[in-house]
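Only one structure is covered here, and it is reproduced in the block below.
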Amino acid sequence: MMKAKLLVAFGLVMAIIDIAMIIFSINLAYRLRFQSGLISYTIFHSWSNYIGLGVLEATIYPLVFALRGMYRFKRSLSVIDELQKVFISVSVGFVLTLAASPFVLRDFEYSRALLVFAWLLAILLIWVARLGQHGLYRLLLRRGAIEDRALIVGTGEMAKVIWQKIQGAPALGYRPLGFVSANTTAGESSQVTPILGTSEELSTIVRRHGVSEVIIAEPSLSHRHIMDIVDMCQGEQVNIKVFPDIFQIVSSEVTTTDLDGLPMVSVRDVALRGWNLALKRGVDILLSGAILIILSPLMWLIALLIKVTSPGAPVLYFQERVGLDSKPFPVIKFRSMIPGAETETGPVWAHKGDPRITRLGAFLRRFSLDEVPQFINVFFGEMSLVGPRPERPHFVEQFSQQVPHYLERHRVKAGLTGWAQVNGLRGNVSIEERTAYDLWYVENWDLGLDFKIMLRTLMAIFRGENAY
């Protein structure tokens, strides 16, 4: 009950702050347009002419926000996700305000520049305010002021992984209580503790321990068994999440269609084809070309530094990687290792403190500057700006035998960055987990997702996680 009241209070505070930011954005836009002296004008507008517009926006915007679920807190919402939500919601509210103003307000020709300023400032101010609010919310989650008691159904490896994830991320606000065996005998083939009972006792366990979140982490369970678990929790105030198996990940974009009236379920609808493929290629050409021009002085400087610090060694390093349709291509990088680095070891991944990496190379890798020449690969169509990171043939052959559906990631062009990389799966990490993220990207591509990944990549470069 306390948690529910606190969330309601948070929602009300968010709405009040949103209204304040909307009014402030119009006021600030007015000052920029008519009082700052930065922009000339022929007709001066009084502030009183814009009060009605501010009231109208302060009425419409919160309604749009509420309809788009922006007053519901989410445990894990990235800075870019929040900006995207605010941008779309403010833009919709802005258009609705313009459409409604002739009917609600007196006839007045508003300054177009002021309206654009107010729109941009509203996006910026509301976004910044929400980042602060979400930061406070996560702090309360971390301190245990708001928590969800979680129960994990399953006793195998996946259940153990989820338990460790929850324990390692207190900001998620979960308090894991224990496990429920999906078998008839509690503890059978168990890799975890404590086990609170079997799935047949689930409703009793939920009531006894005040559970608010049930996570089903047993990929081998049949759909019938999962539905039985859901049915057992029907009378309880509890959320249910299911950890997917690899098939569910591959077919995550499930849609319903019909065949001349006969219902059908589509588990795969390839997104990157036709117009979408041309659109993605167009973005690749424009952005990679622009970046190569902008970064050309930096590239010349890096080339010069490599020549000075590694006399006789070539500046660029060409390495065979596997791309679209499992076809090999030469990826271009600035040299960051000593010549003949793999003569004795053969193909191996770089690791922290790798002695093969030069001092300059360590700096280049820290900020991903060694990857800059790959914009040339992108410009000529061998790679894309966003997609699964390309691996070497040796590793592709090895991983395709270890990981189910691994080769599905080659249905799109390899990328400079990808969904796995911006989620912390860079370098020598679990290939199974990385593949799951790559497959999700392949099945759920859209242009907005590409731009989101690019923005998150820029932020991740400065953190330098697993960059070696």
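A compact table of results
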{"quantity": "Antiparallel bridges, percent of DSSP beta bridges restricted to the stretch 275-463 (to nearest 5)", "calculated": "80 percent"}
{"quantity": "For the stretch 203-235 and the stretch 385-400, distance of Cα centres in Å", "calculated": "38 Å"}
{"quantity": "Given charges at beta-carbon only (K, R positive; D, E negative), |dipole| of the stretch 275-463 in Debye", "calculated": "580 debye"}
{"quantity": "Flagged links, alpha-carbon separation over 30 Å, of Lys160/Lys333; Lys160/Lys327; Lys85/Lys413", "calculated": "Lys160/Lys333; Lys160/Lys327"}
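Read-outs: derived from the displayed coordinates by stated rules, not from any lab. On a predicted model such as this, the values are computed, not experimentally measured, just so you know. Virtual Cβ from ideal backbone geometry, glycine too; neighbours counted across all protein chains shown.
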